Amino acid sequence: MDLGKLRRGELIAAAGGLILLVSLFFFDWYSREALVLLGGEQAGVGAWDDVGFFGAIANFVILAAALAAVTLAVVTATSRTIALPVAASALTTGLGIAATVMVLLRMVFQPGPNALTDIKFGIVLALIAAAMIAYGGWESMKEEGATFEGARDQLQSYSRRPAPEPRAAPESPGAPPAEAELPEEPESRPPPPA
């Protein structure tokens, strides 16, 4: 692994990905005040606690962005060439933007009643980290001289490539010729009746 291959954008995206993973799994995103007869009690709520269906979808998008950012850096550091396919940085950028939007939505649509739920530092940290991923991916694309259209064209060119021709096995000396090499005999048909 050669960390010297990592450019500024990939370092920013990787740092954002690591911070986002820590925020997603180890910090509370909300505090909920429980109404008790003699006073209120604060309870921490993490990113995966009481999220519902749409909150879980948002969390999976956020998780995908964090993993894509870290993967971009690891693949760049371990590859033999400096340039990676354009699609990797474009994917990281797109997921970073989507994760930023999802964190903002999680800030607006909190689990439980808004009057009893407050935002904690973990979700603010997640927002900063998601923005770092988007910015780092964008910087990586600029450093490669890439655009989203170029990434789309590159992916489409991979899907249009014809399948490789199967190779024939090498013949050993003295082996009979393969059947594919035998000439075909013309078919003899009887003449049509007159």
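The figures follow:
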{"quantity": "Pairs where the first residue, in the range 84-113, is more than 18 Å from residue 125 (Cβ to Cβ) and modelled with pLDDT under 90 and the second is in a loop (DSSP other than H, G, I, E, B) and not acidic (Asp, Glu), C-beta under 6 Å, 6+ apart", "calculated": "86/146"}
{"quantity": "Any hit, the range 116-129, residues being surrounded by fewer than 19 Cβ atoms within 10 Å (Cβ to Cβ), modelled with pLDDT under 75 and in a helix (DSSP H, G or I)", "calculated": "no"}
{"quantity": "Test result for residue 152, basic (Lys, Arg), surrounded by 18 or more Cβ atoms within 10 Å (Cβ to Cβ) and either in a helix (DSSP H, G or I) or modelled with pLDDT of 95 or more (or both)", "calculated": "no"}
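The values are calculated or read from the model by the stated rules, or taken from the named source; none is laboratory data. Worth saying up front: this structure is predicted, and the values here are computed from it rather than measured. In this analysis, Cβ positions are derived from the backbone assuming ideal geometry, glycine residues included, and neighbour counts consider all displayed protein chains.
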